[in-house]
Amino acid sequence: AAPEHPLLALPPAPAAASGASGRIDVAAATRAYLEELGPAQKARSDAYFEGGYWLQLWSFLWGAAVYLVLLVTGLSARMRARSERLRWRPLQPLAYGAQFIVATTVLGLPLSVYADWWRERRYGLSNLTLAGWLGEQGKGLLVAVVLGGLAVMGLYAVLRRAGRSWWLWGAVAALGFATVGAVIAPVAIVPIFNSPRRLADQRVVAPILSLARANGIAAGEVWEVDASRQTTRISANVSGLLGTERITLNDNLLQRCSLPEIEAVMAHEMGHYVLNHVYKLLLELGLVIVLGFWVVSVLFERLRARFGGRWGVGGIADPAGLPLVLLLLSAYMFLMTPVLNTIVRVGEQEADVFGLDAARQPDGFARTALKLSEYRKLEPGPLEEALLYDHPSGRTRIFTAMRWKAENPDTWAVAMPPAAAPAPTPAPGPVTPAPPASP
């Protein structure tokens, strides 16, 4: 029998945030929470997050170098020629796509080892050995070859038929692939890396389902993912589309957080679902991507006219030109980083407010923001947050929670019962996941 998940008691709120004086000074309450993080912890958090700024730059430059190597050495043209040995033309882009994904994965491996394994281990965020991490990457590569190959095949089928308006229809196809990925991810991709199971601990399940029903989410179960196999990060989501939606939280959240914190996190995630953020995000990113494909269409033809003969790249419908397309698109997306960050951050802020209204756990929300400081800098400058953050900073989130608490004094005296009060019951072993009922 699996052990019960420990529901750690929520520590008392700092004096400035307790409301004991009959009022709450929002700024003082925010500062009191922020000061609970020691100087060493704050320095570590800042170093990790600020290092991520440079990592974004180096990741872009490394990827650009990989694309240029494929073009300049003629490797892309040779992969295209190899794929043309297949007699059925629609399969040729799929074969090229599979080769392309393998080549870019291998060429990008040194940076991936540093960024995704060594650095994560150094900051205590990964539980994987190098061998374990490589095993995960191998599974990811297989998934990418299959799904990515199909995506390349579909994209070039569109490009062959679209003519001069290829940039518009190519963008539509890219968004379509993203939507399909969101639909199949909870039921087809997540189980490849983890073992989801229905959460049985009713001390956690009952309040989450009650919260879901109160906000119009017709869910009958909560799923747990054993993310601690890979990471120490806490996480949850309401994922999926078109009937594959699932309420999921990872075992790190269960093992490290109190019930008020869990409720605060789950209410935030439900906010994304209720506020239709997935659809809004697809629409907003779609506009960015359409503009990006148009930019690529202009620059691609100019570069192809000048270097296409040397690189062995024909028109836009030639798969050998995929590295050039991605080089230009990645440069555009890199320059659009502040815009993309703002789009996501605004949605996250909306979900924060929704979660506070739904769960009514401002102190649980504030303490969760402190836990997220393990990999998110708490106190950036205003311009830094506006340009480089894709979530509200910890300071902003705690301030939002304390402002909400100050305006809802009925929550000041609410005390959680001890976590050990409910009689423990044995939890069953893992349950084979089954598709959830359509909401």
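Residue check: is I316 in a loop (DSSP other than H, G, I, E, B), among the β-branched types (V, I, T) and at negative phi? Considered against the rule, which asks whether it is in a loop (DSSP other than H, G, I, E, B), among the β-branched types (V, I, T) and at negative phi, I316 comes out as yes.
Okay, residues lined up against (1) charged (D, E, K, R); (2) under 30 Å from A200 (Cβ atoms); (3) without any contact (Cβ under 8 Å) to a residue 24 or more places away in the chain:
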{"position": "R23", "(1), (2), (3)": "yes, no, no"}
{"position": "E35", "(1), (2), (3)": "yes, no, yes"}
{"position": "P39", "(1), (2), (3)": "no, no, yes"}
{"position": "D46", "(1), (2), (3)": "yes, no, no"}
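Among residues of segment 105-123 that are farther than 25 Å from E374 by Cα and free of Cβ contacts under 8 Å to residues at least 40 places away in the same chain, those with a beta-carbon under 6 Å from a residue that is open to solvent by less than 70 Å² (accessible area, probe 1.4 Å) and among the aliphatic types (A, V, I, L, M) at least six positions away or on a different chain give the pairs T105/L141. Applying a threshold of 8 Å to beta carbon distances and a minimum spacing of six or more residues, or different chains, the list of pairs starting in segment 72-96 at a residue that is over 17 Å from I316 (Cα atoms) and modelled with pLDDT of 95 or more and ending at one that is open to solvent by 50 Å² or more (accessible area, probe 1.4 Å) and of a type in the set (V, I, T) reads L75/V69. Inside segment 377-408, residues that are closer than 14 Å to A366 by Cα, of a type outside the set (A, V, I, L, M) and part of a helix (DSSP H, G or I) make up a count of 9. Evaluated against (1) over 22 Å from the mean Cα position of the chain (by Cα); (2) more than 22 Å from T368 (Cβ to Cβ), N276 falls short on exactly one condition, (1). Those helices (runs of 4 or more DSSP H) of segment 179-291 in which 2 or more residues are open to solvent by 20 Å² or more (accessible area, probe 1.4 Å) and polar (S, T, N, Q) occupy 202-214. Just the residues that are free of Cβ contacts under 8 Å to residues at least 40 places away in the same chain and basic (K, R), please, taken from segment 321-365. Scanning segment 321-365 gives no hits.
Is it the case, given these coordinates, that L128 is touching a helix residue (DSSP H, G or I) at 6+ places or on another chain (Cβ under 9 Å), touching a residue at least 40 places away in the same chain (Cβ under 8 Å), under 25 Å from V288 (Cβ atoms) and crowded, with 17+ Cβ neighbours inside 10 Å? So L128 fails the test.
The values are calculated or read from the model by the stated rules, or taken from the named source; none is laboratory data. Bear in mind that the values here come from a model prediction, so they are computed numbers and not experimental data. Here the Cβ is made from the backbone with ideal geometry for all residues, glycine too, and neighbour counts use every protein chain on show. Each accessible area value is taken on the protein alone, full model and side chains, heavy atoms only, with ligands, DNA and RNA left out. Shrake-Rupley method; radii C 1.70, N 1.55, O 1.52, S 1.80 Å.
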